[in-house]
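The values are calculated or read from the model by the stated rules, or taken from the named source; none is laboratory data. Since this is a predicted model, take the numbers as computed values, not measurements. Here the Cβ is made from the backbone with ideal geometry for all residues, glycine too, and neighbour counts use every protein chain on show. We work out accessible area using only protein heavy atoms, side chains counted, and drop any ligands, DNA or RNA first. Shrake-Rupley method; radii C 1.70, N 1.55, O 1.52, S 1.80 Å.
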Amino acid sequence: MNARSAPRRVVALSGGVGGARFAYGLSRALEPGALTVIVNTGDDFTHWGLPICPDLDTVMYTLAELSDDERGWGLKDETFHALEGVRRYGGEAWFMLGDRDLATHLQRAQALAAGDSLTQVTDTLCRALGVPARVLPMADEPCRTMIDTERDGTLPFQQWFVGRRAEPKVQKVWLDGDPPASAAVVQALAGADLVIIGPSNPYVSIDPILSRPGVRDALRGPVVVAVSPIVGGRAVKGPLAEMIPALGGEPASAAAIARHYGSLLAGIVVEHGDEPPIRGVSVLACDSIMKNREDRVRLARDCLAFADGLLARRANS
Ligand code: FO1
């Protein structure tokens, strides 16, 4: 496959930072217009009276090269004067909303209140920021990821992840609400040749997308490939390595990721040395860690070349 010439329609499924970085690579490796990113909205919540969509914003900012590269979330060159003001009033200061970031939340709140869908609002924001891909929330109606913990009972996702630094051990992840996938999501999946599950947390980022009514059916057509978020038994970012033994009943590994997605996958992309000994799933071992933007594009190209082979094999069978 040529560097930027894939004539196919590609859909990426993404949570926050890892999925967003990989989607950035895809957006630069594919022809303009070829990529749609479907994003988890289970992390969304209301804060300071505003609707906050952390994964959508992380994807949007990363694709537009506006994100803070070190944190992975939020905007670069950010300041936190509003947060300091809220703290002084004794308000909620555990979630770091930046001053520049606030513009996004204000605009989104206004557009939603005026009757736009989350899909429409996201499209408007992406166009204004110059995002070179279609970004779709998994659903237009809200659903909320909830975490049952041993120590602190049931917590909404952000209270667990940010408020308590993902420390309380997870017993169960579940969704409060069950909205259907948006029409745009179903259409994008139905028209896709290839779906790539990014290196995001399967339990809290990808399963909420896969479990939307309408998604599993739409995934019967395209070739589906996943990029492992586990490298050498450790999570590239976040609490996944502790969640796999607790929720999947096995040590964290690329094999556990492959088993988690099961028959959905035609292929899995893993770090060298992490090849899962699993039948029925093709494996690409490569350098999968994304330290910089060049790594993101290289990994995306490797995945697309791998998927090309799977697509050709399917066409010939
Ligand atoms: N993550 C943190 O660990 N601490 C924060 O204070 C924080 C603030 C924040 C603000 C806006 C935004 O879009 C994302 C933010 N995140 C923060 C990241 C986010 O909560 C998580 O990375 C995702 O929800 C998990 O995918």
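Numbers at a glance
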{"quantity": "Segment 64-101 - residue that is open to solvent by 50 Å² or more (accessible area, probe 1.4 Å) and in a helix (DSSP H, G or I) and, of those, nearest to GLY16 (Cα to Cα)", "calculated": "ARG100"}
{"quantity": "Residue within segment 106-114 that is under 25 Å from TRP160 (Cα atoms), open to solvent by less than 30 Å² (accessible area, probe 1.4 Å), in contact (Cβ under 8 Å) with a residue 40 or more places away in the chain and more than 10 Å from the ligand (Cβ to nearest atom) present", "calculated": "yes"}
{"quantity": "Residue ID - nearest to the ligand (Cβ to nearest atom), chosen from residues in segment 151-161 that are at pLDDT 95 or above and loosely packed, with under 15 Cβ neighbours inside 10 Å", "calculated": "THR154"}
{"quantity": "Test: residue in segment 20-37 that is within 15 Å of the ligand (Cβ to nearest atom), under 24 Å from LEU155 (Cα atoms) and buried (at least 24 other Cβ atoms within 10 Å of the Cβ)", "calculated": "no"}
{"quantity": "Hey, LEU56 crowded, with 24+ Cβ neighbours inside 10 Å, within 12 Å of the ligand (Cβ to nearest atom) and farther than 22 Å from CYS303 by Cα or not", "calculated": "yes"}
{"quantity": "Failed criterion for GLY33 (all others in (1) within 15 Å of the chain's Cα centre (by Cα); (2) outside any helix (DSSP H, G or I) hold)", "calculated": "(1)"}
{"quantity": "Some residue of segment 187-206 being more than 14 Å from the ligand (Cβ to nearest atom) and without any contact (Cβ under 8 Å) to a residue 24 or more places away in the chain", "calculated": "yes"}
{"quantity": "Test: PRO179 is farther than 25 Å from ALA258 by Cβ and more than 16 Å from the ligand (Cβ to nearest atom)", "calculated": "yes"}
